[in-house]
Every structure is written in structure tokens, then in C-alpha cells.
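**Q** Below is one structure. I have some questions about it.
Readers should treat all values here as calculations from the given coordinates under stated rules, not as data from a laboratory. As the structure is a computational prediction, the values presented were derived from the model and not from experiment. Positions of Cβ are backbone-derived with ideal geometry, glycine not excepted, and every protein chain shown enters the neighbour counts.
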Amino acid sequence: MRRRILLLLLIFSLLLGGCASVRTERSVTFFAMDTYMTLRIYDGDSALMNDAQALVTDMERRVSVTDEGSEIAHLNRSGKARLSPETKALLERALTLCKETAGALDITVYPLVRAWGFTTNRQHVPEEETIRALLPAVGYAGVVLDGDTAILPKGAAIDLGAVAKGYLGDRLAALLRERGVSSALLDLGGNIQTVGKKPDGTPWHIAVRAPQGDGNLGVVDVEDEAVVTSGGYERFFTGEDGTVYWHILDPATGYPARSGVISATVVGKDGARCDALATALFVLGAERATAFWRQHKDFEMLLLTEDGELLITPQLSERFTPNGEAGYRLQVIDRVKD
Ligand code: ADP
Ligand code: MG
């Protein structure tokens with residue numbers, strides 16, 4: 001009898017132990033900010049899933065440039081508007097990042113993005129004269145935040161699209177951590193934000209999409225970090241002359257950035273900054289991007305050039321598994337200029 005009880009106890013404890021290591025996975029996929037997003041969360045309840053999704057839709061409703069009712073659309077129409085604390089915080093953050101990148105990221109490039117038809121899906125090459133006429137209104141330094149009120153210079157309009165998803169990743173990760181989640185993978189349309197490690201305690205393996213085709217450049221191992229890629233082939237059109245025009249513009253020229261970099265990936269703790277830097281480094285090109293990294297060294301990057309070189313920062317190279325079929329030459333960046 002005693003042996004039977006012991007045996008039952010043993011089975012019971014084995015079952016219990018087994019249950020403890022099973023993590024509930026919940027995942028939701030939806031369309032927001034012009035892309036498909038998937039939130040995969042471990043050990044969160046359904047209320048948390050709803051709250052996370054609501055955070056996304058709330059942000060989109062506030063900052064979308066194409067939603068006439070958004071705060072940003074209203075600001076762009078009237079040149080002056082009171083902002084909610086959420087929108088103000090994102091705008092402030094975006095302006096800081098424009099400054100840090102010395103205008104390679106510039107949220108006031110929007111009138112040009114519009115002229116190229118990228119936000120309306122009516123893509124075309126604008127007249128040279130149109131570009132020349134719109135350029136003087138580009139300049140993030142002219143945007144004024146006075147308390148809760150944002151004021152734009154005459155003719156200026158802003159688009160937070162180059163940082164919004166990264167910022168949202170930070171906000172979502174903070175919400176999940178606050179609610180006790182220690183493992184989550186948030187795919188915000190190519191912008192990846194991770195919380196903690198995988199449920200089994202190993203790092204997340206994130207594939208870096210190749211700019212063309214369905215393949216990837218390789219896999220990076222991350223935990224509690226964002227992985228953000230800006231690629232020339234995400235949104236583009238081919239002009240009558242056969243040239244490919246993509247949606248990342250050089251704010252200095254008003255034309256799609258042709259820096260030689262065709263894909264820029266940034267890995268780091270701060271999702272908003274990663275998003276901003278991915279766009280900015282794409283504009284800057286390999287040489288200036290490398291100089292920028294050497295000045296800061298507080299983020300990791302991966303740059304693919306049109307000549308087939310894949311430049312990688314030293315620390316990231318230690319947790320990057322190259323895809324042998326991607327056909328590039330991998331080169332680790334020197335920490336100092338030689
Ligand atoms: P995606 O949003 O496709 O992931 P990005 O983060 O690189 O890519 O943001 C590109 C978007 O930001 C464009 O669609 C455009 O609206 C806007 N944009 C384009 N060039 C710039 C720039 N140099 N600075 C700021 N915003 C830009
Ligand atoms: Mg970006």
C-alpha cells in the first residue's frame with residue numbers, strides 16, 4: 001500500500017513538473033500601419049493580448065498621415081495643433097533622432113514622400129521643378145514644440161513613419177514586462193522586437209530578410225532587443241526608364257537615397273532608435289554609416305551594399321549565422337579607422 005502511494009506521488013509530481021515547463025503561447029496577427037503584424041506572447045492572458053493590440057491601433061489612429069482624423073494629419077493641414085501626451089512623446093523622440101543623425105532622418109521630408117506618391121500608392125517620378133519647390137520646406141529644425149502645441153513652418157508637413165514602428169515596439173515591450181511577461185516575439189511588419197529569451201531559455205533567432213526575393217541574409221541571436229531593417233525593395237516602383245525608385249528619400253535631394261547601401265539592419269535595446277538609424281544609415285551609405293557607428297558604438301549594424309558586400313559590426317558578427325546561399329562577401333568592420 002505504502003509503495004502504491006509513493007508511486008502515485010511520484011507520478012503526480014512528474015506530471016506537475018511537466019506542467020510547470022509548458023508555457024502558454026498566444027499569438028495574434030492583424031493589419032495595422034500598412035503592414036501585417038504578429039504578436040507572439042508567452043504566459044500572457046487574453047486581456048493582455050487585447051491591450052497590446054489596442055496599443056497598436058491607438059498609436060496608428062493618432063499618427064497615421066493617411067488617416068484624415070489623426071493628430072498628425074490635423075497638424076499637417078493646419079500647421080499648428082495641440083497634441084495628446086502620446087503623440088507629443090513620439091514627436092519629441094523623433095526630433096531628437098533627426099538631430100542625432102544630422103538630418104539623414106528627417107520627418108519633414110513628407111511633402112516629398114507625398115509628391116512621389118508613396119503614401120497614396122500613386123507612385124510616379126515628380127517633375128524636377130516640383131521637387132525643387134518642395135525642398136525648402138524640408139528641415140526638422142523648424143518644427144517647434146511649445147508645451148503641448150506643435151507648430152510647423154509654412155509649407156512643412158511631417159511623417160513619423162520611419163520611427164513609429166520601432167517606438168511602438170518599445171511601448172509594447174514595456175507593457176508586456178509590466179504585466180509579468182518574460183518571453184515574447186513582436187513582429188511589427190519587419191520591425192522585430194523581442195522580450196527576454198525564447199521560452200526554453202535560449203536566445204531568439206531572427207532571420208534578416210534579403211532585400212530581394214524571399215531569402216534571408218542570415219540569422220542573428222538576440223534577447224531583449226530590436227532588429228530593424230530598412231530595405232530599398234520594401235516599397236518601390238520601376239520608372240518608365242527602368243530605374244527602381246524606393247520609398248526612402250534623401251532629405252538633402254528629395255530623391256530616393258542612392259548611397260550604395262540597399263539594406264540596413266540595426267540591432268539594439270532601443271527600438272525607436274534602431275528604426276530611426278536603419279532609415280538614416282540607408283541614406284548615409286556605407287562610409288558615413290561606418291563613421292557614425294565608430295563615433296557611437298552603442299548599437300550593432302549590418303549593411304548590404306549593391307556591390308555584394310555585407311558589412312557587420314564586430315560584436316554582432318559573433319552572434320550572426322551567415323546564409324551561405326545569399327552570395328555576399330562578409331566583412332567585419334574595424335573598430336577604429338586604419
Ligand atoms: P518602413 O516604414 O517601410 O519599415 P522606414 O522605417 O525606413 O521603412 O521608413 C520609411 C518611411 O519613412 C517612408 O515610407 C516615408 O514615409 C518616410 N521616409 C522616407 N525617407 C525618410 C527620411 N530620410 N527620413 C524620415 N522619414 C523618411
Ligand atoms: Mg526606420
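**Q** Let's see if you can work this out: charge +1 on each Lys and Arg Cβ, -1 on each Asp and Glu Cβ, no other charges. What is the dipole magnitude of the chain about its Cα centre, in debye to the nearest 20? Intermediate results must be reported in sequence, preceding the final value.
**A** On the way: 36 positive and 45 negative charges, 236 e Å.
Computed about the Cα centre, the dipole is about 1140 debye.
**Q** Per DSSP helix of 4 or more residues, -39500 (n - 2.57); summed, then divided by the residues of the chain. What does that give at 222 nm, rounded to the nearest 500?
**A** On the way: 9 runs with 123 residues, N = 338.
Calculated mean residue ellipticity at 222 nm is -11500 deg cm²/dmol.
**Q** Give a quick list of trypsin sites (Lys or Arg not before Pro) in the stretch 39-129 that DSSP marks as loop, anything other than H, G, I, E or B, with at most 12 other Cβ atoms within 10 Å.
**A** Working: sites: Arg40, Arg61, Arg62, Arg77, Lys80, Arg82, Lys88, Arg93, Lys99, Arg114, Arg122; in loops: Arg122.
Sparse-neighbourhood loop trypsin sites (Lys or Arg not before Pro): Arg122.
**Q** Moving on. Among Gly142, Met301, Pro211, whose Cα sits farthest toward the positive end of the charge dipole of the chain (+1 at Cβ of Lys/Arg, -1 at Cβ of Asp/Glu, about the Cα centre)?
**A** Met301
**Q** Starting from the Cα of Asp224, step 7 Å toward the Cβ, then list every residue of the stretch 181-208 with an amide N under 14 Å from that point.
**A** Hits in the stretch 181-208 for Asp224 at 14 Å: 181-184, 194-198, 203-204.
**Q** I need the fraction of alpha carbon pairs in the stretch 199-246 separated by more than 12 Å, rounded to a whole percent.
**A** When every Cα pair of the stretch 199-246 is considered, 71 percent fall beyond 12 Å.
**Q** So which chymotrypsin sites (Phe, Trp or Tyr not before Pro) in the stretch 214-279 are both in a DSSP loop and have at most 16 other Cβ atoms within 10 Å of their Cβ? Numbers along the way, then the final one.
**A** Values: sites: Tyr233, Phe236, Phe237, Tyr245, Trp246; in loops: Tyr233.
Sparse-neighbourhood loop chymotrypsin sites (Phe, Trp or Tyr not before Pro): Tyr233.
**Q** While we're looking at this one, here's another question. Tabulate in residue order the Karplus-calculated ³J(HN,Hα) for the stretch 218-226, using 6.51 cos²θ - 1.76 cosθ + 1.60 with θ = phi - 60°, rounded to whole Hz; enter x for Gly and Pro.
**A** Per-residue couplings from phi come out as x, 10, 10, 9, 9, 8, 6, 9, 9 Hz.
**Q** Then there's this: Enumerate lysine pairs in the chain that are 8 or more residues apart or on different chains, then count those whose Cα atoms are under 25 Å apart.
**A** Summing the qualifying lysine pairs gives 22.
**Q** Through the Karplus equation 6.51 cos²θ - 1.76 cosθ + 1.60, θ set to phi - 60°, convert the phi angles of the stretch 195-203 into ³J(HN,Hα) values in whole Hz; use x for Gly and Pro.
**A** For the stretch 195-203, the Karplus curve yields 10, x, 10, 5, x, 7, x, 9, x Hz.
**Q** Expressed in nm², what is the orientationally averaged projection area of the convex hull enclosing the Cα positions of the stretch 107-197?
**A** Numbers: hull surface 33.2 nm².
Mean projected area for the stretch 107-197: 8.3 nm², to one decimal.
**Q** Calculate how many DSSP beta bridges within the stretch 236-338 are antiparallel, expressed in % of all such bridges and rounded to the nearest 5.
**A** Within the stretch 236-338, antiparallel bridges account for around 75 percent of the total.
**Q** Given a Förster distance of 25 Å, report the FRET efficiency between Ala102 and Ser27 from their Cβ-Cβ distance, rounded to the nearest 0.05.
**A** 0.05
**Q** Given charges of +1 on the Cβ of Lys and Arg and -1 on the Cβ of Asp and Glu, with all other atoms neutral, how large is the dipole of the stretch 216-259 about its Cα centre, in debye to the nearest 20?
**A** 300
**Q** Rounded if a/c is under 1.5, else prolate if a/b beats b/c, else oblate: with a ≥ b ≥ c from the C-alpha gyration tensor eigenvalues square-rooted, which is the stretch 181-338?
**A** prolate
**Q** Please report, in whole Å, how far the alpha carbons of the stretch 19-118 spread along each principal axis, starting with the longest.
**A** The principal-axis extents, from largest down, are 56, 30, 29 Å.
**Q** Another question, if that's okay. Report the label-to-label distance for Arg177 and Ala291 in nanometres (one decimal), using points 7 Å from each Cα along the Cα→Cβ vector.
**A** Distance between label points: 3.4 nm.
**Q** Using modelled amide H (1.01 Å from N, peptide plane; none on Pro or chain starts), what sits under 5 Å from the amide H of Ala32, excluding residues fewer than 5 places away?
**A** Placed amide hydrogens put Met37 under 5 Å from Ala32.
**Q** Name the trypsin sites (Lys or Arg not before Pro) in the stretch 147-222 that are in a loop by DSSP and that have at most 10 other C-beta atoms within 10 Å, would you?
**A** Lys154
**Q** Would you work out which of Val244, Gly201, Val222 lies farthest towards the positive end of the dipole of the stretch 185-253? Charges go on Cβ: Lys and Arg +1, Asp and Glu -1.
**A** Gly201
**Q** Using θ = phi - 60° and the Karplus curve 6.51 cos²θ - 1.76 cosθ + 1.60, what whole-Hz ³J(HN,Hα) does each residue of the stretch 113-127 get, with Gly and Pro shown as x?
**A** My calculation for the stretch 113-127 gives 4, 5, 4, 6, x, 6, 8, 9, 6, 10, 6, 6, 7, x, 4 Hz in order.
**Q** A follow-up question, please. What share of all Cα pairs of the chain, in percent, falls into each consecutive 10 Å distance bin?
**A** Per 10 Å bin, starting at zero, the Cα-Cα P(r) for the chain comes out as 5, 24, 31, 23, 10, 3, 2, 1, 0, 0 percent.
**Q** Something else about it: Could you compute the FRET efficiency for Asp200 and Tyr36, with r as their C-beta to C-beta distance and R0 at 35 Å, rounded to 0.05?
**A** Using R0 = 35 Å, I get an efficiency of 0.85.
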